[in-house]
Amino acid sequence: MRIILVEDEPDLGAAIKQTLNQEKYIVDWMLDGNEAWDCLANQWAQYTLAIIDWLLPSISGLELCQRLRANKNQLPILMLTAKDRMEDKVAGLDAGADDYLVKPFGMAELLARLRALQRRSPQLQPQRLQVGNLTLDYSTYTVYWQKASGEQQLILLTNKEFQLLEYFMKHPHQIITRDQILNQLWEIGAEPLSNVVAAQMRLLRRKLADSGCLGLIETVHGMGYRFQPTDESK
């Protein structure tokens, strides 16, 4: 999952980002509201959740929430703030935040609130994603391939390979470009090597082929890649 984090306190922002990365989230961390709004308004990436501080330079977290909701954007939002009065909490929730976490807080509580947002947001991913004979299990971060015999073959993937396969499975039969993959699977500001997508594709295809999944991802020359799911049970 990809999260946009908007927090102008360097130490806190770095700590949150590190914690989320350890939990296998892709995190775009921004220091001011204007930068965050440009990213969200231009749909640079497909975010699953937003963590937004109330007091931000240029555009406040409260205004960010209001702008998102005014544009019919239903992205789940967890608001962070030192404001702990009841009136402030009501203002934050009325502006469009889905939950409200008062500073200082522990990282365990932050993660628990994110999990709660996922559970009660129907647009967020389920515990499993199944396309054809492939199943992603988010609870264990594992991938299974169901053979024609009915036996399930475990496919061991790295974190980035899992995210890449997930992206393809969410967009079956669509042509996915190299730039789309870079924008979705690497954090804003990251500078991956020019051949990183091709290298990841080779690794993923090799592991799929070693497990009996042949030809699932095809190269569309001059355009990108396309995931063509199969169902051996039919």
- Return the single residue from Gly106, Gly13, Gly33 with maximal mean-square fluctuation; model: Gaussian network over the chain, springs between Cα atoms under 10 Å. Gly106
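Using a/c under 1.5 as the rounded threshold, could you call the stretch 111-189 rounded, prolate or oblate? The axes a ≥ b ≥ c are square roots of the C-alpha gyration tensor eigenvalues, and prolate needs a/b larger than b/c, oblate otherwise. Can you show the working numbers first?
Working: a/c = 1.78, a/b = 1.15, b/c = 1.55.
Oblate.
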- Message: Once you keep just the Cα pairs under 8 angstrom separated by 6 or more residues, what percentage relative contact order results for the chain?
- Response: 14 percent
- Task: Helix by helix through the chain, keep the DSSP H runs that span 30 Å or more along the axis on Cα and average at least 0.5 on Kyte-Doolittle, and give those back in order.
- Result: none
- List Leu93, Leu40 from most exposed to least, where exposure is judged by having the fewest other Cβ atoms within 10 Å. Leu93, Leu40
- Task: Taking H placed 1.01 Å from N in the peptide plane, check which residues at least 5 places from Ile59 or on another chain put their amide H under 5 Å from its amide H.
- Result: Gly33, Asn34
- Would you work out the relative contact order for the stretch 1-125, in percent, from Cα pairs under 8 angstrom that are 6 or more residues apart? 21 percent
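Considering Cα pairs under 8 angstrom that are at least six residues apart, work out the relative contact order of the stretch 82-211 and quote it in whole percent.
Details: 91 pairs, mean separation 18.0, N = 130.
Relative CO of the stretch 82-211 lands at 14 percent.
Rule-based calculations on the coordinates, nothing more; no lab input. Computed from a predicted model, the values in this text were never measured in an experiment. A quick note on method: Cβ atoms are made from the backbone with ideal geometry, for glycine too, and the neighbour counts reach across all protein chains shown.
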